[in-house]
Amino acid sequence: MPQTNTFIDFAGGLPAKAARQATLDAARYTSRDFMQREWDGMWTRNWLLAGLECDVREPGDYFVFDIGRESIIVTRTDEGALSAVYNACQHRGNRILTNERGSVTAIACPYHGWTYELDGALKTVPDAERFSQGLPCESLSLKPVQVDHWAGMVWINMDMEAGPLSEFLGVVQDLVAPYRCEDMTLVGDQTVCLDANWKTCIDNFNEQYHVDFIHPQHASFVDCCNASNELWPYGHRRVLVEGYVTNPRYGVPDEVPPILQAAIRPLGLDPADFKGRVSDIRKAVQQRKRDVGAALGFDYSGFTDEQVSDVLQYDLFPNVIMTIKPEELWVMRPRPHPTDPDKCFFDKWTLRISVSADAARGLSLVGDPMAPPANAGDRPAHEVFTQEDVIAGNNSMTITIDQDIHLLRDMQAGMHSRGFSRAWLNEDESRVQHFHDWLDMWLDGGPMWRRAADAQAAE
Ligand code: FES
Ligand SMILES: [Fe+2]
């Protein structure tokens, strides 16, 4: 069975299919003009993943979200609400906070000492009497953006007229709810600076056509060639890939491949029992995880069998990639560089459930039973490194992502060639096409299209 592609409209009738098919020409990835169109038409009007709620739990906690040339401060106010404001002082425009995150009692500009409340309201101005024209709080408070939260993540929207986050996420919210991402603990925080456009990065994570060639190890533990692709409104996508199986393209081996052995041992399954019946492993894991979960204190009853064993990836427009299993979530996010279309920052957060392993019995739901469980008390440091660091083996985002990173620079370089004009996609690259179709929708005036549809519906 080849990969399948299904368009799924949102309840209420918002169609999944975009108005027209985008052309993936080289300039889309390399030109400053296209980068500016994206900024004006899409980044400044879309809901964007700004950061994690765990970084703004207590009043006074803040983090800074840098996106393109813009910088946004997200805080937890004294009243316990989330607030998000532009990181630009209303005195003369200084970027106020330059640390990634921390805790403050007020937002204080280091230049001339203006301070703002945690929600951005102007608080104190040194030598206030010297402002003979007055200091109107309404116009001199930090400028707000929309903020909301979902699944343990904080989202912002610079368009104050944009519809709510819940409408934007639609059915994704119900589908992700069983994973209780908000209860997971951050165990890894990494950013790699890449010599590639942010969309080169998105495209890479939106097709499995390349898997056999640059991730040969995948054939031993997932079935990428029969993936199901789902295409939603607003350009969101999902792919379902069966786990704990071998790729049928190569026939089922008699012996359990080493990677699959390592995956099932912590569940207390003996690879020797599956000699000659490797294709039974997936079903066995579905049952076994529920039993081990009961023993270790993790409840799988809210998950379907497919969710227990398989890998699901949610690609939320524009730049969020969530690879999710009941035990672990990767949230990946390529962010555009402020000025250079040939660069981006690729963030990866790793979150895990906090259940103890049973080292005595060799049982664990998250791999090595000797590894310490996720501990909510210790936030991991943010590791920042370059593509060269990954290629040199100094830093890793897991073997699979490292393999992708090796290639992305060459993709970006090739697109600058006089000998390349546009991409030519196949059916298994449907998520790539869908993403670009909806990007064009935004660049063609997407929000207006949405509002026009709303206005029509209201008539
Ligand atoms: S620019 Fe911030 S106080 Fe002057
Ligand atoms: Fe890949």
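Filtering 307, 313 for residues that are surrounded by 18 or more Cβ atoms within 10 Å (Cβ to Cβ), out of contact with any strand residue (DSSP E or B) (no Cβ under 8 Å at 6 or more places or on another chain) and closer than 25 Å to residue 207 by Cβ leaves a single hit, 307. Residues in region 281-291: is at least one small (Gly, Ala, Ser) and modelled with pLDDT under 95? There is no residue in region 281-291 that is small (Gly, Ala, Ser) and modelled with pLDDT under 95.
Considering only region 78-94, state which residues are out of contact with any Cys (no Cβ under 7 Å at 6 or more places or on another chain) and crowded, with 17+ Cβ neighbours inside 10 Å. Selection gives 82, 83, 84, 85, 86, 87, 88, 90. When 368, 428 are screened for being over 27 Å from residue 65 (Cα atoms), part of a loop (DSSP other than H, G, I, E, B) and of a type in the set (Asp, Glu), only 368 passes. Taken over region 379-414, the residue count meeting the criterion of being of a type in the set (Asp, Glu), free of Cβ contacts under 8 Å to residues at least 24 places away in the same chain and more than 17 Å from residue 29 (Cβ to Cβ) is 2.
Residue-by-condition table, conditions (1) under 24 Å from residue 285 (Cα atoms); (2) without any contact (Cβ under 8 Å) to a residue 24 or more places away in the chain; (3) acidic (Asp, Glu):
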| position | (1), (2), (3) |
| --- | --- |
| 196 | no, no, no |
| 209 | no, no, no |
| 213 | no, yes, no |
| 235 | no, no, no |
| 245 | yes, no, no |
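In region 200-255, which residue that is acidic (Asp, Glu) and in contact with an Asp or Glu (Cβ under 7 Å, 6 or more places away or on another chain) is nearest to residue 341 (Cα to Cα)? Ranking the candidates gives 207 first.
Selection of helices (runs of 4 or more DSSP H) fully inside region 138-221 by the criterion of at least 1 residues being surrounded by fewer than 19 Cβ atoms within 10 Å (Cβ to Cβ) returns 165-169, 172-176, 211-214.
The values are calculated or read from the model by the stated rules, or taken from the named source; none is laboratory data. Everything numeric in this text was worked out from a predicted model, so none of it was measured. Virtual Cβ from ideal backbone geometry, glycine too; neighbours counted across all protein chains shown.
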